[in-house]
Each structure stands twice: as structure tokens, then as C-alpha cells.
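Enquirer: Below is one structure. I have some questions about it.
The values are calculated or read from the model by the stated rules, or taken from the named source; none is laboratory data. Owing to the predicted nature of the structure, the values given are computational and were not obtained by experimental measurement. Please note: Cβ atoms are built from the backbone with ideal geometry, for glycine as well, and neighbour counts cover all protein chains shown.
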Amino acid sequence: MRITGISTHVVGTPWRNLTYVQVHTDEGLTGVGETRMLGRTDALVGYLREASANHITGSDPFAVEDLVRRMKYGDYGRAGEIVMSGIAVVEMACWDIKGKALGVPVWQLLGGKVTDRVKAYANGWYTTERTPEAYHKAAQGVVARGYRALKIDPFGTGHFELGQEETRYAVSLIEAVRDAIGPDTELMLEMHGRFSPSTAVRIAREMAPFAPAWLEEPVPPENLKALAKVAGKVDMPIATGERIHDRIEFRELFESQAADIIQPDLGHIGGILETRKLAATAETHYTLVAPHNVGGSVLTAASLQLAGCTPNFKILEHFNDFADADIKKVVKGAPQVDPATGCFELSHAPGLGVELDVEAAAEFPQQQARFDLWADGWEKRQPK
């Protein structure tokens with residue numbers, strides 16, 4: 001079997017573009033992969049066009065390791081977000097093809113399942129007015145849909161510092177959310193790399209009474225010593241890693257012991273097997289894995305394949321029950337959260353277990369998507 005080419009389909013929303021790639025073969029099998037870009041979609045599509053000619057077309061889709069190696073190192077230049085995202089969508093599609101050809105789900109090819117259910121947490125649910133009353137109501141809606149976990153960034157446009165008035169307001173939002181969801185629902189606190197170490201520590205202590213399940217990216221991700229400084233002064237778990245695009249770059253993070261949970265994005269770090277390798281390394285450091293997942297249903301399906309065979313997998317992020325819920329229709333077999341359990345059920349369908357509906361995807365043309373965390377109202381994820 002050989003790859004005959006790829007086709008690219010961009011599904012647009014006001015704040016993000018989702019890039020779906022179909023990999024076609026000479027035996028009629030087609031696989032699909034997905035990633036989400038913020039402001040770099042055209043660059044990704046351009047890279048994939050060149051990579052198709054230089055590396056992809058003519059390759060054996062079963063030889064995933066070899067294809068990833070050639071795409072990552074065969075152009076000599078150091079691979080960054082765009083290249084690693086391009087590798088990821090093609091790599092996912094190759095696993096999809098391999099699973100379909102052999103009649104088994106991808107998790108079966110990666111060692112077999114260790115679980116039947118994967119806990120989900122909701123994100124993108126607080127696209128409402130930034131008031132305690134509105135957040136209380138929205139959080140109740142999340143729990144009503146069966147979720148046992150949710151995440152929120154309550155810090156407005158905070159950057160490095162957060163004044164006392166703004167801090168008190170953020171605390172009031174979290175207090176309202178905790179009241180709405182009760183004591184047993186996990187509440188993840190997102191900081192988006194906003195703060196200096198001292199500010200992050202101060203805010204974490206203010207939030208401690210509401211029992212955050214983790215403190216996510218409290219400081220900008222480039223400075224691991226700053227992260228370690230925060231980790232050494234707070235009692236809650238630290239989560240980070242969505243903006244690291246090569247598993248090799250996690251080495252220093254593991255050595256620092258600054259993170260309790262890592263959050264690689266399968267769509268940016270080279271795909272399923274690259275993330276599975278990273279998860280195995282994390283296991284040796286007693287670190288949990290909770291992938292960043294703000295894409296659509298193909299990326300969710302790929303993340304669930306990883307979850308199924310990964311002993312130290314904690315939980316999976318899910319956006320599409322709340323933000324841009326309509327785009328779920330572009331994927332047949334889109335994974336759904338079971339409201340009775342708050343979990344995804346592991347798919348036993350061959351490959352990734354999903355198919356791209358090209359006609360439905362065409363209903364959501366590419367947009368000049370914009371997501372600015374420093375702009376008022378960013379949390380509404382609406383066009384300006």
C-alpha cells in the first residue's frame with residue numbers, strides 16, 4: 001500500500017480554524033487527521049503542500065515511524081509548531097488507515113486497552129457575561145449535561161500582575177462556579193501563562209478554599225525555573241505543556257519535577273505515537289497526562305485512542321459541547337460524553353472510528369480567526 005496524495009479541508013470559526021487532512025492510498029483506504037491553528041492556518045496548509053511532494057506521496061502509510069522521522073528531520077531546519085502540526089495530522093491519518101486495513105482500533109495497535117472509559121472535562125462553556133450570576137448558571141448547565149469536571153480562566157485580561165480588586169472579582173467568579181457544581185466536581189483553574197511567579201502564588205492561595213484540581217500554566221511556559229518556583233510554593237497540582245511542540249523538550253520539565261500533569265496537544269506534537277512515547281516517559285516520573293484538546297471531533301477521537309492504552313492518562317478536555325457545537329456535524333461518529341458517567345466510552349471501531357464529512361465541512365469556510373487573550377471579552381470567543 002502506498003500514499004497517493006493528501007487533501008486538506010479547513011473548517012472555520014471566528015476564533016479558530018480546524019485543519020482536517022485526508023491521506024489517500026492506492027488501495028482505496030483513506031485516513032483522516034486534524035489540528036487546530038491560531039493565526040497560522042495558511043502556513044500549515046502551505047507546509048503540507050510541500051511535504052506532500054517531498055515526503056508523503058509514495059510513502060507506506062504503515063511505516064509511521066519512518067514517515068515522521070523524514071518529515072521532522074528531512075528538511076534539516078528545526079521543526080516548530082507548523083511542522084510538528086503537519087506531521088501530526090498526517091501521522092493520525094496513517095494510524096487511521098492502518099487500523100482500518102487491519103480491522104482494529106488504533107489503541108489495539110499501541111498495546112491494547114487499559115480502560116473502557118475516559119473522563120471528560122468541559123471547556124468553552126463560559127462564553128457568557130463575566131459575572132458571578134452568569135457563571136453560576138453556565139456552570140450548572142455543564143453539570144446538567146453530565147460532566148464531572150470543568151475548566152475556567154476567570155482572570156479577564158490579567159497580565160503579569162493582577163490588582164487586588166481584579167483578584168477579588170476573579171475569586172467571586174470561582175466561588176460562584178464552585179457553589180454551582182458542588183464539592184465533588186473537579187474544577188480546573190486555567191492561567192494561560194499570564195502571571196509572574198509571585199502573582200501566581202498569591203492568586204493560588206486565594207483560590208485554595210475552592211479546591212482547584214490543578215493550576216494550569218501559571219507562568220509563561222518558556223521559563224521552567226519560574227514554574228518550579230510556583231510549584232514549590234503552592235499545594236495544588238501544576239499542569240502545563242500545551243505549548244511544547246516536541247516531546248524532547250519535555251525532558252527539562254520532567255527533570256525539574258515542576259509539573260504533576262502534562263498537557264501535550266496531539267495536533268501539535270507530532271501525533272498519536274509521539275504522544276504515547278511522551279506519556280511513557282511521564283510515567284517514569286510519576287506524572288499524569290491530560291492532553292490539551294481544543295480541536296474538533298477527529299482530534300478528540302485521536303486523543304481517546306491514546307487514552308485507551310495509557311496507564312497514566314488522567315482526563316480529556318472537550319470543547320465542542322459548548323463552543324462551536326455545530327461543527328461536530330462535520331465528523332461522522334463524533335465522540336460523545338455519556339451524561340450518565342461524564343466519560344467517553346472507548347471506541348472499538350477500526351482506525352480512529354470517525355470519518356470526515358467533506359460536504360458538511362464546506363459549510364464552515366476558513367475565517368480570519370482571531371483569539372486574543374489580552375482583549376476584553378476574549379472568553380466569549382466571538383468576532384470583534
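Enquirer: Looking at (1) assigned to a helix (DSSP H, G or I); (2) surrounded by 17 or more Cβ atoms within 10 Å (Cβ to Cβ); (3) not aromatic (Phe, Trp, Tyr), which is the only condition His9 fails?
Expert: Going through the list (1) assigned to a helix (DSSP H, G or I); (2) surrounded by 17 or more Cβ atoms within 10 Å (Cβ to Cβ); (3) not aromatic (Phe, Trp, Tyr), His9 breaks only (1).
Enquirer: In region 103-132, what residues are hydrophobic (A, V, I, L, M, F, W, C) and in contact with a Phe, Trp or Tyr (Cβ under 9 Å, 6 or more places away or on another chain)?
Expert: First, pick out the residues of region 103-132 that are hydrophobic (A, V, I, L, M, F, W, C): 104, 106-107, 109-110, 114, 118, 120, 122, 125.
Across region 103-132, the qualifying residues are Val106, Leu109, Leu110, Val114, Val118, Ala120, Ala122, Trp125.
Enquirer: Taking the options Ala134, Ala149, Ala120, name whichever one is without any contact (Cβ under 8 Å) to a residue 12 or more places away in the chain and on the phi < 0 side of the Ramachandran plot.
Expert: Ala134
Enquirer: When the residues of region 302-348 are filtered to those that are of a type in the set (A, V, I, L, M, F, W, C) and part of a helix (DSSP H, G or I), which remaining residue is nearest to Asn17 (Cα to Cα)?
Expert: Ranking the candidates gives Ile327 first.
Enquirer: For region 267-290, how many residues meet the condition of being under 21 Å from Met191 (Cα atoms) and either more than 17 Å from the chain's Cα centre (by Cα) or assigned to a loop (DSSP other than H, G, I, E, B) (or both)?
Expert: Qualifying residue count, region 267-290: 3.
Enquirer: Shifting gears a bit: Could you say which residue among Pro291, Pro264 is closer than 19 Å to Glu345 by Cβ and in contact with a Leu (Cβ under 9 Å, 6 or more places away or on another chain)?
Expert: Pro291
Enquirer: Another question about this same structure. Hand me the list of strands (runs of 3 or more DSSP E) wholly inside region 167-255 holding 3 or more residues that are out of contact with any Ser or Thr (no Cβ under 8 Å at 6 or more places or on another chain). Before the answer, list the steps.
Expert: On the way: elements: 186-190, 214-216, 238-240.
Of the strands (runs of 3 or more DSSP E) lying wholly inside region 167-255, those with at least 3 residues that are out of contact with any Ser or Thr (no Cβ under 8 Å at 6 or more places or on another chain) span 186-190, 238-240.
Enquirer: Suppose the filter is touching a Leu at 6+ places or on another chain (Cβ under 8 Å), surrounded by fewer than 22 Cβ atoms within 10 Å (Cβ to Cβ) and among the hydroxyl-bearing types (Ser, Thr, Tyr); does Ser52 pass it?
Expert: It is false that Ser52 is touching a Leu at 6+ places or on another chain (Cβ under 8 Å), surrounded by fewer than 22 Cβ atoms within 10 Å (Cβ to Cβ) and among the hydroxyl-bearing types (Ser, Thr, Tyr).
Enquirer: Going by the structure shown, is Arg251 under 26 Å from Val177 (Cβ atoms), of a type in the set (D, E, K, R) and surrounded by fewer than 22 Cβ atoms within 10 Å (Cβ to Cβ)?
Expert: So Arg251 fails the test.
Enquirer: Kindly indicate whether Ile87 is within 22 Å of the chain's Cα centre (by Cα) and without any contact (Cβ under 8 Å) to a residue 60 or more places away in the chain.
Expert: Here the answer is no, as Ile87 does not meet what is asked.
Enquirer: Report, by residue number, each residue of region 317-332 that is exposed (fewer than 15 other Cβ atoms within 10 Å of the Cβ) and out of contact with any helix residue (DSSP H, G or I) (no Cβ under 7 Å at 6 or more places or on another chain).
Expert: Hits for region 317-332 are Ala325, Asp326, Lys332.
Enquirer: Here's a follow-up. Going through region 351-381 one residue at a time, which ones are surrounded by 18 or more Cβ atoms within 10 Å (Cβ to Cβ), part of a loop (DSSP other than H, G, I, E, B) and at pLDDT 95 or above?
Expert: Correct list: Leu352, Gly353, Val354, Phe364.
Enquirer: Here is a further query. If you take the residues of region 14-32 that are surrounded by fewer than 21 Cβ atoms within 10 Å (Cβ to Cβ) and part of a loop (DSSP other than H, G, I, E, B), which of them is modelled with the lowest pLDDT?
Expert: Result: Pro14.
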